[in-house]
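Derivation of every value follows stated rules applied to the coordinates shown; laboratory data play no part. Since we're looking at a predicted model, the values are computed, not measured. Don't worry about glycine lacking a Cβ; one is built from the backbone with ideal geometry, like all the others, and counts go over all protein chains shown.
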Amino acid sequence: MRTSVRRPIQALLDAIDTITLWAGAAAGAVTGYAYYPVGFDTDWRLPAAGVIALSTAYTLSMALDAALAPVRRRAYGITPPASTDTGIPDGLDEALDQIAAAAEHDAAHRAAQHAYRIDLSDGLLRDVDRWRGYTTGEATFYLAPGTVLHYSRGENERGIAQHHYTLLTADDPTPVPVTNVRQIHEDLLHARKTAEAADAVVPSTV
């Protein structure tokens, strides 16, 4: 799919996601408030409506995400994994090896699939072959010597999936949250300047 076609589709998908969240929240809030059981404590009416609003928004968002997954993969240039027949395992050890390989593959694809959240370019971070998945569900993307992008998935207090991308460097093990590919560019520029400055230092002869 050409870039000129991808970008409008990407923008449309993002707009649909936003509209779905707001529409689901509004519908849930109205329904929860209007149909709040008579006789219940009225002090809980608004909190109950809020809970229903969040639940509705989350449910609609997940359903739409699943329905639009094929379109999203094409729009963001993500190639689905090829189907492979691994055969029936002969024993537990072979079964564990198959599941471990599947878990690693799954983590790599999830990292690539959700990278559109921080990379709306032509797909550097959405190249699944550049991701290394792990059985923990995490994945890493090699950027440069001593620098990798790390992916992990979690849930917030409302049970909504959260996809986290952090930058890890050899100089500083503290994970740096990444929300835009520009941050990675700035970090690599800083690393290059630091390396150039270190190379320019003339050792003392005293």
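Treating the beta-carbon of each Lys and Arg as +1 and of each Asp and Glu as -1, no other charges, what is the dipole magnitude of the chain about its Cα centre, to the nearest 20 debye? Could the numbers behind the result be given before it?
Details: 17 positive and 25 negative charges, 203 e Å.
That gives a dipole near 980 debye.
Per DSSP H run of at least 4 residues, take -39500 (n - 2.57); add these up for the chain, divide by its residues and hand me the 222 nm value, nearest 500 deg cm²/dmol.
Working: 5 runs with 104 residues, N = 206.
Rounded to the nearest 500, it is -17500 deg cm²/dmol.
How do 124-132, 165-173 rank on mean C-beta neighbours within 10 Å, highest first? Please list the in-between numbers first.
Numbers: 124-132: 17.8, 165-173: 14.2.
Result, highest mean Cβ count within 10 Å first: 124-132, 165-173.
Quote to one decimal, in nm, the extra length available between ASP65 and ALA197 on full extension: 0.36 nm per residue of separation minus the C-alpha distance between them. Could the numbers behind the result be given before it?
Numbers: separation 132, 0.36 × 132 = 47.52 nm, distance 4.71 nm.
Extending this stretch completely gives an extra 42.8 nm.
Can you give the FRET efficiency to the nearest 0.05 for ALA11 and ILE160, using r as the Cβ-Cβ distance and R₀ = 25 Å?
Working: r = 23 Å, r/R0 = 0.91.
So, using R0 = 25 Å, E works out to roughly 0.65.
Considering Cα pairs under 8 angstrom that are at least six residues apart, work out the relative contact order of the chain and quote it in whole percent. Walk me through the numbers on the way to the answer.
Numbers: 235 pairs, mean separation 25.8, N = 206.
In percent, rounded to a whole number, it is 13.
Sort the chain into rounded, prolate or oblate with this rule: let a ≥ b ≥ c be the square roots of the eigenvalues of the Cα gyration tensor; rounded if a/c is under 1.5, and if a/c is not under 1.5, prolate when a/b is larger than b/c, oblate otherwise. Intermediate values should be presented prior to the final figure.
Numbers: a/c = 2.00, a/b = 1.55, b/c = 1.29.
Judged from the Cα gyration tensor, the chain comes out prolate (a/c at least 1.5, a/b above b/c).
Which of the peptides 36-49, 53-66 is most tightly packed, and how do the rest follow, judged by the mean count of other Cβ atoms within 10 Å per residue? Working shown, then result.
Values: 36-49: 11.0, 53-66: 16.4.
For the peptides 36-49, 53-66, the packing ranking is 53-66, 36-49.
So, R0 is 25 Å and r is the distance between the beta-carbons of ALA100 and LEU124; what FRET efficiency does that work out to, to 0.05?
Values: r = 27 Å, r/R0 = 1.10.
The value I calculate is 0.35.
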